[in-house]
Every structure is written in structure tokens, then in C-alpha cells.
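Just below is one structure, and these are the notes that go with it.
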Amino acid sequence: MSLIENILYPVDFSPACVAMAPYVKRAANLVNAKVSLLHVVDLVSHNGFELYLRAPSEIAEEHLEIGRERLNAFLSSEFPQDRYSRILASGDAATQIARVARESKFDLIIMPTHSGLFRQRLIGSTTAKVINDADCPVLTSTHAKTVAPKPLEHREWLCAIGLSSNSERVLRYASQAATEVNAKLAIIHAVQSANPEVLIDIGLEEQIESAERQEARRKLAELQQRVGSTAAVRIPVGSIKDALLETVRQADADVLMIGRSPQPGASGRMRDLTYAVVRDSPFPVLTI
């Protein structure tokens, strides 16, 4: 059974969503998955003039009808209605996207993030909330002025993992996903330097390795053995975030996979490092 059989594609009719269409189709073709388009109507965004003239229920019904018509017409040539289903919901966008994905058992959500000079606004955005709330993996685009990511291929996929109790689940998923599309998988594990001022070291071959690096290699080898993975391993040393991102930037990969907490919990699924990686990665990020 394939990991990804049903993909949810949330749309808000923006240029970013239009630009993502070829990427979504390519991703679906790679894994032979179905795609459903979802649009969420915000029924509380009425202006005062509307409320003065008409009943709220009447306004809401009209907004839903407009949303339905726009959704049916949106990307009709790329995603014909007879082959790609459309879903209309109302309420908070992030909440509804996560709900629809959970209740309809979607395997993957694909959506763009903010782009250009507004990269720093990822925190608090709809995309960030979806990543935090959704049960299934979420694939987000890169931040780019052109908005559209490069076509998804199957050359090299990266998986950034720690050495926590969640690491085996993340690597197992990453290994299976890469295998299904014939991609070459590489693992990145950043080691925190004892000296915060140390320069990032991304060399893979050293005559003398630190004890921390040696221990990381040993644990990663055990982890790969349990999962059945033979991925190449890269272990940069430095600030975790900076070392990880610098190693990623030097790669020529199609996707970076990184884990989230499997349960929402009091503090949510996301952590600061994951936010930073999604925001700053030079290519799309699949949060697992």
C-alpha cells in the first residue's frame, strides 16, 4: 500500500496557488495519487455596510455560493471537475483544512507558504497553523519571488532527524517515501557544538572526529538498521539550526523531510527549529 494515495490541495485563488498547480500535479503523478481541491470561505469577513442592509444568514449563503462558483471554475483545465473533486468549507481556514484532511483521511496536504520579503511572517500564518494542527504530512513550497517551486523530481531527497524517540518514525516514513519514487535518500543530523562561536563544519571526512560526532554516527547506524535504510549520512557541527540549513543549502535536492511531534500536545506539534527550516529551506519541505 502506498504512503500517499489522496492529496488535499487547499486553494484561496491567489497567484501562489495558481503557481503551485503544476507542482501538485507532478507530485500526484509521482505517487499515483488522487487530488482534491479545498476552499474555505470566511463567513465572518463581512463589511459593516452588508450587515446594515441584509441579514447575516443571507450574506453567508451568498458568500458560500460565490465561493462554490469560484472553486468550481478555478484551475478547471489543470484539474477537471470530472477527475478532481472539489470541497467547500466555511470557518477558519487552517482549522478547516486540518479538519477536512483528518475526517476524509487525506495522506498529504500540499500548499504554498508566504514568499518574497514576507518570509518572516510564516509564524502565525495559515500554513504554519496547518502544519501544527494537521495529522497527516504537509508539503510546503519554498519562499521565492517567482512563487512556483521547481518541478518535483526523484533524484535526491533529504531527511533531517534528531536522535529522539520520534526519529525512527520519521526515518521510516522518509525511507519508504523515497523508495516509492526511486529517490536517493540522504540523512542530515546536526550536532550542537560545545562552543557556540564555532564555525559550521560540514566536512564529511575528518581524520579525527569529535566524540559527539562518533556517538551520533553509531546511533544513526543503529537507527538505520532498525528501519532498513542505507542512506548516506551528513553530520555538520555548529549551531543546530545554522548547521542544518547550511548543509541543506549546499545540497541539490528536491525535498527536505523533517519531523513533527506525532501528537499535538499542549505546545503543539511544531517546534522553533521546524518553523525555521520551513521558512528558510531553499526547496520544499515535507513535515512528517
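The values are calculated or read from the model by the stated rules, or taken from the named source; none is laboratory data. Predicted, not measured: the structure shown is a model, and the values here were computed from it. Because the Cβ atoms are built from the backbone with ideal geometry, glycine has one as well, and the counts that use them run over all protein chains shown. Just the protein is used for accessible areas: all its heavy atoms, side chains included, with ligands, DNA and RNA removed. Shrake-Rupley method; radii C 1.70, N 1.55, O 1.52, S 1.80 Å.
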_Kindly evaluate residue 267 against the criterion of being at pLDDT below 80 and open to solvent by 80 Å² or more (accessible area, probe 1.4 Å)._
yes
*Which of the following residues is at pLDDT below 95 and open to solvent by less than 20 Å² (accessible area, probe 1.4 Å): 248, 198, 237?*
248
*asked:* Considering only residues that are among the aliphatic types (A, V, I, L, M) and under 18 Å from residue 90 (Cβ atoms), which ones fall in segment 1-24?
replied: 8, 11
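When only residues in segment 1-51 that are of a type in the set (Phe, Trp, Tyr) and in contact with a Ser or Thr (Cβ under 8 Å, 6 or more places away or on another chain) count, which is modelled with the highest pLDDT? Show your work before the answer.
Looking only at segment 1-51, we keep the residues that are of a type in the set (Phe, Trp, Tyr), and these are 9, 13, 23, 49.
In the following step, the residues that additionally are in contact with a Ser or Thr (Cβ under 8 Å, 6 or more places away or on another chain) were identified as 9, 23.
Working: 9: 98, 23: 91.
If we take residues in segment 1-51 being of a type in the set (Phe, Trp, Tyr) and in contact with a Ser or Thr (Cβ under 8 Å, 6 or more places away or on another chain), then 9 is modelled with the highest pLDDT.
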*Report, by residue number, each residue of segment 1-18 that is hydrophobic (A, V, I, L, M, F, W, C) and outside any loop (DSSP other than H, G, I, E, B).*
7, 8, 16, 17, 18
*Here are some residues: 89, 73, 94. Which one is under 15 Å from the mean Cα position of the chain (by Cα), farther than 28 Å from residue 231 by Cβ and at pLDDT 90 or above?*
94
